[in-house]
Amino acid sequence: MAKTRPGVPSKIKTGRKELDSYTIKGTNKLVRAGDCVLMRPSDAGKPPYVARVEKIEADARNNVKVHCRWYYRPEESLGGRRQFHGAKELFLSDHFDVQSAHTIEGKCIVHTFKNYTRLENVGAEDYYCRFEYKAATGAFTPDRVAVYCKCEMPYNPDDLMVQCEGCKDWYHPACVGMTIEEAKKLDHFVCAECSSDDDVKKSQNGFSASPADDVVKVETKRRKR
């Protein structure tokens, strides 16, 4: 199975009827409009394509087609994969397509970014999306996101970060001269800038679980990119 080019819709024959669901071949899993699915790629060496099913149709011979909206992986985008992109990150594109339902290999879940960071265990079927992507131009929505640490990078949920109890910013251990193992043993952390401030108040509630759960907004420490 191959994706069509963005902006080049597949030819759709008339005489089709819309279906409520489709059973993935060889399984008892039902796919309905709105579900996210894994689709067989044209290159067997690549990971499966991810798409959101918009509509399911069948012709008189019961050939089933799915109208889908593709998710792009970072490496498929014009900018390519960057340091802050997580391993399970996807971009919801404006690339719509029609494909044979037989190319569906399984179902998956594409979470919001915040919900993904709250998962206790990330399964093989779990992905997340925080950007929409225009395939023709390479533009992202939103075009600015929160950045953290001295390196001023967006949050990658695959990377451990520690939160300063003073300024509430988040830091990569390597950026503040620590190893991952040292960071995991910390009960408290104060960054170099705040450590010289006598008025830093220790948090009584501990750290937030991740930057995505952090409700404290400190604009001098967090800029938009």
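The values are calculated or read from the model by the stated rules, or taken from the named source; none is laboratory data. Everything quoted here is computed from the prediction, not taken from an experiment. Positions of Cβ are backbone-derived with ideal geometry, glycine not excepted, and every protein chain shown enters the neighbour counts. For accessibility, only protein heavy atoms count, side chains too; no ligands or nucleic acids. Shrake-Rupley method; radii C 1.70, N 1.55, O 1.52, S 1.80 Å.
So which residues in region 58-87 are under 30 Å from LEU19 (Cα atoms) and among the charged types (D, E, K, R)? Quick ask: steps written out before the conclusion?
So in region 58-87, the residues under 30 Å from LEU19 (Cα atoms) come out as 58-73.
ASP59, ARG61, LYS65, ARG69, ARG73 - these are the residues of region 58-87 that are under 30 Å from LEU19 (Cα atoms) and among the charged types (D, E, K, R).
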All conditions in (1) touching a Lys or Arg at 6+ places or on another chain (Cβ under 8 Å); (2) more than 23 Å from PHE131 (Cβ to Cβ); (3) open to solvent by less than 40 Å² (accessible area, probe 1.4 Å); (4) at pLDDT 95 or above are true of ASP59 except (4)
Looking across region 78-116 at residues that are buried (at least 19 other Cβ atoms within 10 Å of the Cβ) and hydroxyl-bearing (Ser, Thr, Tyr), the single one that is farthest from GLY15 (Cα to Cα) is TYR116
Picked from region 8-25 (must be at pLDDT below 95 and under 28 Å from the mean Cα position of the chain (by Cα)), the residue nearest to LYS107 (Cα to Cα) is LYS25
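For region 57-74, name all the residues that are over 16 Å from PHE91 (Cα atoms) and out of contact with any helix residue (DSSP H, G or I) (no Cβ under 7 Å at 6 or more places or on another chain). Give the steps one after another, and end with the answer.
Kept after step one, since they are over 16 Å from PHE91 (Cα atoms), are these residues of region 57-74: 57-67.
Within region 57-74, GLU57, ALA58, ASP59, ALA60, ARG61, ASN62, ASN63, HIS67 qualify.
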Given (1) among the hydrophobic types (A, V, I, L, M, F, W, C); (2) out of contact with any helix residue (DSSP H, G or I) (no Cβ under 8 Å at 6 or more places or on another chain); (3) modelled with pLDDT under 95, MET1 misses just (2)
Filter region 133-153 for residues that are out of contact with any Ser or Thr (no Cβ under 8 Å at 6 or more places or on another chain) and surrounded by 20 or more Cβ atoms within 10 Å (Cβ to Cβ); the one that is nearest to HIS95 (Cα to Cα) is TYR148
